[in-house]
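Structure first, then comments.
A short reminder: the numbers here are calculations on the coordinates, not readings from a lab. On a predicted model such as this, the values are computed, not experimentally measured, just so you know. Methodologically, a virtual Cβ is constructed for each residue, glycine included, from the backbone with ideal geometry; neighbour enumeration extends over all protein chains shown.
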Amino acid sequence: MDRGGTEVFGGLTVKRTALLTVAFVGAAIAQEPPAPAWAPFWLARPTAEDVMEHFPQRAIRQERPGLVVLCCIPQDDGTLACRVGSEWPEDLEYGEAALKMSRSYRVAPESVAQFRALGLSTYTLMIPWILEPEHPHVTKRRALVTETARQRNICAAPAAPP
């Protein structure tokens, strides 16, 4: 640091006020409050029969689990307009199957109203595709995808209507 109020930062000479501004803005961004919580009241959810009807046949033959993150917007009629935010693995059509199965969800009108009142843009819906309960690969992947979805805000863009 010299007397002129500058510092060498990353090989560049920068005014101290610029460094302080970057530090304060960075701290403000890092401490953004989390989005308000919304827990939908479901009038209908997919049944075990719905899951098996939409389960990709190639995944069943290969006995491979999967996980999909859907980014959804509750509609006036209680249905969900969703898009695939994340799909694993990508080669077994789990995303397409999850979109088809999402048509089985219905949200109570009060939940739709609450969603809008909170000013939320999307609801993140995780759909694990497993043939055996708590398959170890899915359990590990679910934790990873949950954290990644939170950090990257996978569902930040609005879902397109079906």
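Using equal-weight Cα scatterers in the Debye expression, the normalised intensity of the range 63-121 in log10 at q = 0.18 Å⁻¹ is -0.65.
How would you rank Trp129, Trp42, Trp88, going from fewest to most other Cβ atoms within 10 Å of each one's own Cβ? Show your work: numbers first, answer last.
Working: Trp129 24, Trp42 12, Trp88 20.
So the residues, fewest neighbours to most, are Trp42, Trp88, Trp129.
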